[in-house]
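Structure first, then comments.
Any read-out appearing in this document is the output of simple, stated calculations on the displayed coordinates, not a laboratory observation. Given the structure is predicted, the values throughout are model-derived calculations rather than measurements. Cβ atoms come from the backbone with ideal geometry, glycine included; neighbour counts cover every protein chain shown.
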Amino acid sequence: MTSSLPVSFYKNNVFMLAERFFIQDESTTLKLHAHKYNFDIIFFSQIDPFIKAIASANDDDLFVVDLDVLHDLHAVKDKRNMFLQDLLKPLPDNRQYVYLETAKQGSRYLLQKMLLDTNCMAYAEKPFSSEDLVDNLFNLFAQRKRDDQGKILFHGTSVWLDESMLVEHNISLIRHDDYQTLHTQVKFSLPDVVVIDSESYKNAESIAEIIQKNIAADPSLEIVMLQTSNDNALSERGVKAGFDVVMMHQTNQITTAQLINRINKIRTNKNLISRDRATGLLNKVGYKKRAQERIYEADKAKTALAVVIFDIDKFKTINDTWGHHFGDVVIKRLSMYLGQFLEDKYLLSRFGGEEFVMLFWNADHDAVMRSLNDIREGFNQIEFEIAPGEIKRFSISGGVAFYPKHKTENALFLHADEALYRAKTGGRNQICE
């Protein structure tokens, strides 16, 4: 059973120039694993078509090169062995590459340095399982995501950061002067890192522990003390008081660069735990955090929000009749379809199974209801080929709730869920509030 989906069904592609006996013999298995993560793998056995495909690829795609295949191709073509540096020269230098190498190749320091000088994003040693390779490629996709702004909450006056560097890396700096309310500011601004300079710490030695003891605290939050002079006793007190990191301040640029590196790793880890592997959308954990941020922003901006829960009608029947693989196709197609309607400050999440949650920003009631019914009717028109020449269409139902009528993320979700129940029991294929 196949669906009449466009070529761009999957969100991203991996273009892979692969040595046959290690990779391409496993192409079917690799593709199946990749499709679960919402990307496709396109295989190449010749370098010229690979380079041509790179030229028209999207910026978010990945490019994987098996070093052995380069040696094999040029040995056949030129009847001689060439230096690896020469073999890598034809690769376009405006892209970054994931290199696959043998353990023997990986043990050579000069070769690794050469790869770094040839636009290396990452490297991996063969052999590996198909699942491990796909998992690592997914991690690279996640690392490159920069769809959420990083945040530093800063308390102190003796240290300054380079704000232009932060802006360049999509990181905002929030300064907060009152140590007595710093822990409540953490709750509202939800930063990636809290930075307190050592002079300010002396006035509030319990602040790190107070922040961490909040039962709702983000476990990935890092609390950093910036120390302006060598003082081992102060460092020891800081570590005992709950700081995750004691960092020596050198220059504004060096300290800022160190914080940027820390936040990039934090954001990568957050993407891995906050996104649904099958669709790439936010999962329940990721959505709840971002929804709380949007509500806080909406309160300050005095704007309205809408939260809708979509559910595929009779999804169990779809799975039971045509199989779980086809059910996954329907779920992925709906995720991509809903993604077309995202605008700035909107959110889209897969909560699990066939349930999707969407948050609308600056939500006029009548306009949102019209949009939701347009979305519902548009999905009704999507054709799925369940067998050669046999087409089926499916429907979705939705329940919607509005802020500020319902003031918290939980209240919005519960009301939308109640409305979805009415839509399902009242005949399906409709939107209720």
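For L305, nonlocal amide neighbours, meaning residues 5 or more places apart or on other chains whose placed amide H falls under 5 Å from its own, are A363, Y403.
Each peptide in 165-173, 328-336 was scored by the mean count of other Cβ atoms within 10 Å over its residues; highest first, the order is 328-336, 165-173.
With 27 Å as the limit, write out which pairs from K332/K392; K151/K345; K332/K424; K36/K284; K36/K405 have Cα-Cα distances beyond it, or answer none. In this structure, K36/K405 lie more than 27 Å apart at Cα.
Taking a straight line from the alpha carbon of K240, these lysines sit under 20 Å away, with near neighbours fewer than eight places off in the same chain left out: K202, K213. Based on alpha carbons, the Rg and Dmax found for the chain are 25.5, 77 Å.
A cut-off of 5 Å between modelled amide H atoms, ignoring neighbours fewer than 5 places along the same chain, links F351 with F356, V357. Counting only DSSP beta bridges with both residues in the chain, what percent are antiparallel, rounded to the nearest 5? Antiparallel bridges: around 40 percent, rounded to the nearest 5. Couplings for the stretch 265-275, taken from phi via the Karplus curve 6.51 cos²θ - 1.76 cosθ + 1.60 with θ = phi - 60°, read 5, 4, 5, 4, 5, 5, 4, 5, 9, 10, 10 Hz in order; Gly and Pro are left as x.
Straight-line reach only, C-alpha to C-alpha below 20 angstrom: list the lysines that K89 could link to, leaving out same-chain residues fewer than 8 apart. Within the straight-line limit of under 20 Å, K89 reaches these lysines: K52, K77, K79, K113.
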